[in-house]
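Contents: one structure, followed by commentary.
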2 protein chains.
Amino acid sequence: MPKGIVLTTDEQNHRRHEIFEAALDTFIEKGFVETSMREIAELAGMGKSSLYDYFGNKEDILIFVMEEALENVLNNARRINALPLSPEVRLRQIIEMHLEYIVENKKLFYLFSYEGRRMSSENQQRAQQGRYMYQDMLRGLIEQGIQQGIFREVDPLVAARMLINTIIPVVYTSRPTGAPQVMMQEILDIFMNGIQK
Amino acid sequence: MPKGIVLTTDEQNHRRHEIFEAALDTFIEKGFVETSMREIAELAGMGKSSLYDYFGNKEDILIFVMEEALENVLNNARRINALPLSPEVRLRQIIEMHLEYIVENKKLFYLFSYEGRRMSSENQQRAQQGRYMYQDMLRGLIEQGIQQGIFREVDPLVAARMLINTIIPVVYTSRPTGAPQVMMQEILDIFMNGIQK
DNA sequence: TGACAAAGCGACCAGCGTTCGCTATAATAA
DNA sequence: TTATTATAGCGAACGCTGGTCGCTTTGTCA
């Protein structure tokens, strides 16, 4: 972009996206800390200090699209949870949606899982808040199932956490035995079989 | 240690342990990359460049005790696996042992889970090799159970991975519903219930 | 007593994220 | 048409970082 031209908010946002896309691959390949602002600037085709006109600092690049992604998963989950279906079916659909979202944004979630701890405590807290909401939704679903006599009397929070923690490894396993969706079905079967009466 | 005194191998090893202990807390509190060699040196009560007489570089501090820890878990697992017990009991005992080891070396394993990706590819490969052996052992156990007609015909590798991946989050959850051992029992119950006929 | 080995360290290096003041230029006002 | 203003973009500098090197100090041993 030549000098002197005033960018609209949309253009600025587009530029931010360009920078992020340029950084993402390198973040994933080499890690967040190991990727230098000089590299990002070069990939984005601009001077290093110009990056700071679009992002306050390096971390801001990392969290640029995180908020949006987490919000989307949470909203999709809420939508499914509101459907008039049995707890079991809703549980399955939410996990399938969640998996699909991670598969589609594989690089992004990889970054979050492995570099999320590098975010400022403020940003980490925000992310955890979202995770808690999600967790509590699944817990509520399991509680419903127990009340309806479909599920055994398991600890609903432990079960919810257990289920959530199986998703990420399915996508990023180094020795997949098939498509993530297939592996997830197998895991869901074991889990459901495990909590059903 | 004053100059001129020649250290025995044991003394050198003890010194290495001192340095590692000094670094460990800071690694966990601030992260591996964010902890400087200058800080570690200060905590260890020595000049920064003297650290390099005991560790080749920063990463060597990180992996100093990793090899040993992973080896121990693997050996313990092998020992349990050789006992004349049913696959289910052996599976349970191995996971319980694994959990206990992580609980007892909580800080260490936290570091491995969150900073392991920062190790050189060589060290990462070694760690993964160990993980594969462990995984295959559990897979074999599940296969045995299937052959003996105790377990349903689940995908043994997927089930093994699923089980392994539930352990770490139990120890490091930010909202525990009780002792890790209790949570793990609940998870083991769900899992066993899930794969049993 | 002199030569040697080794523990320890200060000074330095290249590279890092970030800041700041400057330049160039399109849009606007007079 | 000319002067002013706003801003996109950048080069140079700053205080950090992990790591290296050559020197000093001191116990040991021939």
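Residues that are of a type in the set (Gly, Ala, Ser): find the helices (runs of 4 or more DSSP H) completely inside region B:2-93 holding 1 or more of those. Helices (runs of 4 or more DSSP H) meeting the threshold: B:9-30, B:37-44, B:48-51, B:66-81.
Restricting attention to region B:33-92 and to residues that are surrounded by fewer than 19 Cβ atoms within 10 Å (Cβ to Cβ), among the charged types (D, E, K, R) and more than 16 Å from DNA strand D (Cβ to nearest atom), the residue that is farthest from the other protein chains (Cβ to nearest Cβ) turns out to be B:ARG79.
Find the residue count for region A:143-163, including only residues that are in a helix (DSSP H, G or I), more than 7 Å from every other protein chain (Cβ to nearest Cβ) and not β-branched (Val, Ile, Thr). Going through region A:143-163 one residue at a time, the tally reaches 7. Residue count for region A:151-163, restricted to those that are surrounded by 19 or more Cβ atoms within 10 Å (Cβ to Cβ) and free of Cβ contacts under 8 Å to residues at least 40 places away in the same chain: 8. Restricting the first member to region B:4-21 and to residues that are away from chain A (no Cβ under 14 Å) and over 20 Å from B:GLU68 (Cβ atoms), and the second to residues that are within 9 Å of DNA strand C (Cβ to nearest atom) and at pLDDT 90 or above, the beta-carbon pairs closer than 8 Å and six or more apart or on different chains are B:LEU7/B:ARG15. The residues listed here are B:GLU71, B:GLU39, B:GLU11; of these, the one that is in contact with a helix residue (DSSP H, G or I) (Cβ under 9 Å, 6 or more places away or on another chain) and within 16 Å of DNA strand C (Cβ to nearest atom) is B:GLU39. In region B:164-181, the residue that is surrounded by the fewest Cβ atoms within 10 Å (Cβ to Cβ) out of those that are facing chain A (nearest Cβ under 9 Å) and hydrophobic (A, V, I, L, M, F, W, C) is B:ILE164. Of everything listed in (1) under 30 Å from A:GLU34 (Cα atoms); (2) facing chain A (nearest Cβ under 8 Å); (3) buried (at least 18 other Cβ atoms within 10 Å of the Cβ), the single unmet condition for B:GLY116 is (2). Restricting attention to region A:101-112, which residues are surrounded by 15 or more Cβ atoms within 10 Å (Cβ to Cβ) and part of a helix (DSSP H, G or I)? Residues satisfying the conditions are A:TYR101, A:ILE102, A:VAL103, A:LEU108, A:PHE109, A:TYR110, A:LEU111, A:PHE112.
The values are calculated or read from the model by the stated rules, or taken from the named source; none is laboratory data. Since the structure is predicted, the reported quantities are computational estimates derived from the model, not experimental observations. When we count neighbours, we look across all protein chains shown, and the Cβ atoms used for this are built from the backbone with ideal geometry, even at glycine.
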